[in-house]
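Input: a single structure, listed below in structure tokens.
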Amino acid sequence: MSFLGQTFVPSSNASLFLYSPRHLIRVARRGLLAMIPALRQAFDARRDNDRLDKLFGPSPRLTMVGITLSGILIGYGLQDALAGLLFVDYIHIPAALLGAIYALLYRRYLFGDFNAGQNDFPWLAGALILPAVALVTVAFIVRAATGFEALDGAPGWTVIGEILDAIADSMSVAAGLTIAVAALCYSKAWSRAIKALVWRLLVFKIIVWFMILVFVEIGIVGPILGALVEGLLGVDLPNWLGDFADQLSYALLILIIYLAIIGGTWTACSRSFSKLLAQGEVDVLQELETMAESPSKRRNRARKARATAKKKAGNGKSA
């Protein structure tokens with residue numbers, strides 16, 4: 001697991017793992033649906049609905065491919081060369097490198113002499129899809145190179161569980177790239193942004209480790225499901241079926257979390273883009289923390305804040 005390979009959690013004292021999966025699905029769906037027109041706008045043949053040439057030069061799509069391939073090749077080269085050094089094994093260097101490059105390019109465009117405006121967000125964000133897809137593909141290929149195996153004593157088709165786990169884990173790189181670019185692009189002080197980002201990545205690393213322990217090493221879904229089926233139907237299930245259920249539940253949960261991070265980041269950045277242009281900086285991590293909360297949690301927090309403010313006001317009058 002890695003900082004940019006096992007991604008960010010949008011809270012310093014909570015995590016997406018602790019939020020309602022139903023709410024996370026809504027967050028992911030809203031952001032991912034908004035990406036579709038942006039993807040078309042960033043990669044269609046028209047040149048009048050984006051300004052990619054201002055960002056990447058006269059051959060923007062070729063330049064984007066070149067940056068992506070160079071970042072991946074150089075990043076993996078550095079990853080191998082620096083393997084074993086302090087913290088290097090916990091950093092996905094290709095994602096970190098591409099994230100820094102894109103954040104620098106974005107800030108150069110937004111605050112240079114290019115008259116950036118609100119309508120620039122879709123194609124700017126859409127341009128990040130290419131490196132994200134490339135990173136996920138390479139991460140999966142690297143994982144697949146080690147081979148996939150079926151569960152002990154199980155039919156060969158159960159290898160799909162390990163494949164789905166690998167796909168879900170590979171999505172972590174895209175989530176890490178997305179939140180890293182957002183945190184750096186929306187911040188003037190990169191040192192402060194990196195500290196905040198690393199803190200959340202550390203928290204999330206612990207959460208993912210716990211999820212692997214519960215769903216894979218110990219396994220809770222399989223035994224519960226097996227007990228229910230055997231109790232209700234009186235059918236003896238094979239031992240491998242519980243392990244297979246644990247693999248599927250882990251893949252589904254971790255995929256929902258990563259998609260929620262990607263979709264939520266897109267939505268939070270879109271909502272605060274005009275503020276970024278006006279002020280030059282937005283705490284997008286705080287925006288994500290708020291978005292990750294379900295509506296009921298936000299209402300309860302607002303109610304407590306009003307009650308606290310009312311109590312302080314009352315104390316001030318009595319004094």
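The values are calculated or read from the model by the stated rules, or taken from the named source; none is laboratory data. As the structure is a prediction and not an experimental result, all values here were calculated from the model. Backbone-built Cβ (ideal geometry, glycine too); neighbour counts: all protein chains shown.
Annotations for the structure displayed:
- Pick from region 71-90, criterion at pLDDT below 90 and among the aromatic types (Phe, Trp, Tyr), ranking: nearest to the chain's Cα centre (by Cα): TYR90
- Residues satisfying the stated conditions in region 91-119, i.e. modelled with pLDDT under 85 and in contact with a Lys or Arg (Cβ under 7 Å, 6 or more places away or on another chain): PHE114
- Number of the exception - VAL159 against (1) among the β-branched types (Val, Ile, Thr); (2) modelled with pLDDT of 70 or more; (3) surrounded by 19 or more Cβ atoms within 10 Å (Cβ to Cβ): (3)
- Matching entry among LYS310, LYS297 (being surrounded by 15 or more Cβ atoms within 10 Å (Cβ to Cβ), among the basic types (Lys, Arg) and either part of a helix (DSSP H, G or I) or modelled with pLDDT of 70 or more (or both)): LYS297
- Look at region 150-174: where a residue is without any contact (Cβ under 8 Å) to a residue 60 or more places away in the chain and a partner is among the hydroxyl-bearing types (Ser, Thr, Tyr) and assigned to a helix (DSSP H, G or I), sitting 6+ places away or on another chain with Cβ atoms under 9 Å, you get ALA150/THR158; SER170/THR137.
- Figure legend. Inter-residue proximity from region 110-121: first residues closer than 18 Å to VAL181 by Cα, second residues among the acidic types (Asp, Glu) and surrounded by 13 or more Cβ atoms within 10 Å (Cβ to Cβ), beta-carbon distance below 9 Å, spacing 6+ or different chains. Indicated pairs: LEU110/ASP120; ASP120/ASP50.
- Filtering region 72-95 to residues that are closer than 19 Å to ARG143 by Cβ and among the small types (Gly, Ala, Ser) leaves GLY75, GLY77, ALA83, ALA95.
- Criterion (out of contact with any strand residue (DSSP E or B) (no Cβ under 7 Å at 6 or more places or on another chain) and within 17 Å of ALA180 (Cβ to Cβ)) met by exactly one of LEU62, LEU104: LEU104
- Residue in region 126-145 that is of a type in the set (A, V, I, L, M), over 25 Å from LEU253 (Cα atoms) and buried (at least 21 other Cβ atoms within 10 Å of the Cβ) present: yes
- Matching entry among THR63, THR68 (being at pLDDT 85 or above, of a type in the set (S, T, N, Q) and surrounded by 20 or more Cβ atoms within 10 Å (Cβ to Cβ)): THR68
- Listed by first and then second residue, the pairs with beta-carbon distance under 9 Å, at least 6 apart or on different chains, first residue in region 175-200 and closer than 23 Å to VAL136 by Cα, second modelled with pLDDT of 75 or more and among the acidic types (Asp, Glu), form an empty list.
- Residue check for ASP246: over 22 Å from ASP89 (Cα atoms), at pLDDT 75 or above and either of a type in the set (D, E, K, R) or outside any helix (DSSP H, G or I) (or both): yes
- Selection status of LEU104, over 18 Å from the mean Cα position of the chain (by Cα), in a helix (DSSP H, G or I), surrounded by fewer than 19 Cβ atoms within 10 Å (Cβ to Cβ) and not hydroxyl-bearing (Ser, Thr, Tyr): yes
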